[in-house]
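Inspection log for the structure reproduced underneath, given as C-alpha cells.
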Amino acid sequence: MTFQIPNIGAQATPPQSALSGVVDEPLIERLAGLSHITMADQEAFVSVLAQCSQKCSYYFFPFLHAFARAPNQPLLWEMVNGSICVYILRYMDKGPNLRLYLPPFPFSSDALKRAEDRQRNFNGTGKCIIVWADQTAGPELMERGYRMEYRESEYIYDGDLVRAADGSNFSRLRRNLSRVRKLEGLVIRAYGHGDKAACLDLLARWRKRRKDQGLETDGYGYTRRIVQHASEFRHDLIQGEVVLIKERLVGFSFGGPITPNMECIFIAISDHEIASLGYTLRHSFVSNGPQRKLFNDGVDGGNAGIREVKLVFCPTEMNDLYWASLGE
C-alpha cells in the first residue's frame, strides 16, 4: 500500500452536495458553503493531508467518513484558501450548535478566522470551540487566546522498533505473540469483502460482552460503518487484516495513513476468550503494512486493560489531545 498524492489543487472547492436528508431543512441556508463528508471527498482530503504533519488519528479519512454518519451529529466541511475546516453539527436542548471538530489543516489563521465567524454567526454567541486539538496546534491556538483543556493522549509507536521487537523492553510482547502463534489453525491474512459479515458478527459480540460488563462501547457505531464501507475506500487509504483460528474469524484490524509519515491502527477488535490476540493484531498490522516509521494506536479511553496492551509496544511518544475554547 502506498500513499499516493492525487492530481488535485490545494485550492479545490468541495462539491456543493445538497444537505437535504443530512441536516434539518430550515438549517440548510444557514450552512451554505458546507458539504457532508462523502466518498467523493477522498481525493481532496488526501491531497491536503499530504502537505501536513498531523499526528492525531481523528484526521484518518475513513474515520471522518464513518463518524459523519452518526445520528444527529453530522460532520460538515469546507475548503478555505487551501485549508480544510471540519465542523460538527449537534442538536442540543437549546437548539442546533456548530463547532469546529479539528483545527484547520494545514493550519491557517485565515481559515481559523473563517471558522470562528461561522460558529458565531450560526450559534448566535461569541464562543468558539474546537472539539479535538492535538498538542502541535496548542501554541498557535493559545496565541489567539484559546483555552486548552486536556482530554486524553494517543500512543505513538516507532514502527522499526515494534517490527523488530528486540531487547528486554519488548520481552512481554514477544511472549504474547508466541502464545498466539502456537494456536492450532491460526491464519492471519488481509481483509476481503467476504469477511464483512463475520467481522460485523464479532463486533456485535464484542459490544454485548462490554455492555454485560458495564463497560463503555464508544466507537461501536463508527467501527461498524468502517467495516460496512471498507471495500469502497481507495485501496491506499485503508488496510484491513483478519485473524482466523480453524477458519473461525476471531479478530480484525483496520487502519491506514493519516499523512505520508504517520500511519494509524484505528480499529483492533478481538474475541476476548482468546488471550493475547490484541497484541497480535497490532504487531501484524505494523509488520505487514507499509513500513512507515510512526504508528498512532489511538487512546486507551481510560481502560486499564487497553492501556496495558499499548504500553507493551513501548510508545515513543504520547500525543496529547485537548478541547479548545475561545470567548464566553
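Every read-out reported here was derived from the displayed coordinates using simple, explicitly stated rules and does not represent laboratory data. Keep in mind it's a predicted model, so treat the numbers as computed, not measured. When we count neighbours, we look across all protein chains shown, and the Cβ atoms used for this are built from the backbone with ideal geometry, even at glycine.
Under a plain spin-label model, where a point goes 7 Å from the Cα along Cα-to-Cβ, how far apart in nm are residue 198 and residue 182?
With each label placed 7 Å out from Cα toward Cβ, I get 2.5 nm.
Which residue, 177, 27, 60, has the largest displacement toward the positive end of the dipole of the chain when charges sit on each Cβ (Lys, Arg +1; Asp, Glu -1)?
In the chain, that residue is 177.
How high is the FRET efficiency between residue 189 and residue 90 when r is their beta carbon distance and R₀ equals 41 Å, given to the nearest 0.05? Intermediate values should be presented prior to the final figure.
Values: r = 40 Å, r/R0 = 0.97.
The formula returns an efficiency of 0.55 here.
What is the dipole size for the chain, taken about its Cα centre, with +1 at each Lys and Arg Cβ and -1 at each Asp and Glu Cβ, in debye to the nearest 20? If you can, show how the numbers build up before the last one.
Numbers: 39 positive and 38 negative charges, 179 e Å.
The calculated dipole for the chain is roughly 860 debye.
Do any of 94/127; 55/310; 196/246; 55/293; 208/246 go past 22 Å between their Cα atoms, and which? Walk me through the numbers before you get to the answer.
Values: 94/127 15 Å; 55/310 17 Å; 196/246 18 Å; 55/293 12 Å; 208/246 24 Å.
Cα-Cα > 22 Å for 208/246; rest within.
If one takes the longest principal axis of the Cα atoms in the chain, at what angle in degrees, from 0 to 90 and to the nearest 10, does the Cα axis of helix 171-181 lie?
The angle comes out at about 70 degrees.
After finding the eigenvalues of the alpha carbon gyration tensor for the chain, what semi-axes result from the square roots of 5 times each, listed largest first in whole Å? It would help to have the intermediate numbers written out before the result.
Details: eigenvalues 244, 89, 75 Å².
Sorted largest first and rounded, they come to 35, 21, 19 Å.
Against the longest principal axis of the chain, how steep is helix 220-229, in degrees 0 to 90 to the nearest 10, with axes from Cα atoms?
Between helix and principal axis, roughly 80 degrees.
So if each residue of separation counts as 0.36 nm, and I subtract the Cα-Cα distance between residue 120 and residue 149, what length gain in nm does that give? Please report the intermediate quantities before stating the final value.
Working: separation 29, 0.36 × 29 = 10.44 nm, distance 2.07 nm.
Length gained, residue 120 through residue 149: 8.4 nm.
Given 0.36 nm per residue, what is the gain on full extension from residue 43 to residue 208 after removing their alpha carbon distance, in nm?
Numbers: separation 165, 0.36 × 165 = 59.40 nm, distance 3.64 nm.
That pair, residue 43 and residue 208, stretches by 55.8 nm at full extension.
Report the gain in length on full extension from residue 24 to residue 261: 0.36 nm times residue separation, minus Cα-Cα distance, nm rounded to one decimal. Write down the numbers at each step before the final one.
Values: separation 237, 0.36 × 237 = 85.32 nm, distance 3.89 nm.
Working it through step by step, the gained length comes to 81.4 nm.
Relative contact order, percent, of the chain when contacts are C-alpha pairs under 8 Å separated by at least 6 residues?
Numbers: 602 pairs, mean separation 81.0, N = 328.
Rounded, it is 25 percent for the chain.
Mind checking the dipole of the stretch 31-172: about its Cα centre, +1 per Lys or Arg Cβ, -1 per Asp or Glu Cβ, Debye to the nearest 20? The partial results should precede the final answer.
Working: 15 positive and 16 negative charges, 113 e Å.
That gives the stretch 31-172 a dipole magnitude of about 540 debye.
What does the helix-only formula give at 222 nm for the chain: each DSSP H stretch with n ≥ 4 adding -39500 (n - 2.57), the total divided by the residues, and the result rounded to the nearest 500 deg cm²/dmol? Don't skip to the answer; put the middle values down first.
Values: 10 runs with 100 residues, N = 328.
That comes out to -9000 deg cm²/dmol.
Just report the Cα centroid separation between the stretch 263-328 and the stretch 23-49, whole Å.
29
Run the simple label-point estimate for residue 215 and residue 317 please: 7 Å along Cα→C-beta, distance reported in nm.
2.9
When all C-alpha to C-alpha distances in the stretch 171-328 are sorted into bins of 10 Å, what percent of pairs does each bin hold, rounded to whole numbers?
Values per bin, smallest distances first: 9, 39, 38, 11, 2, 1, 0.
How many angstrom separate the Cα center of the stretch 78-99 from the Cα center of the stretch 213-259?
If we compute the Cα centre of each part, the gap is 27 Å.
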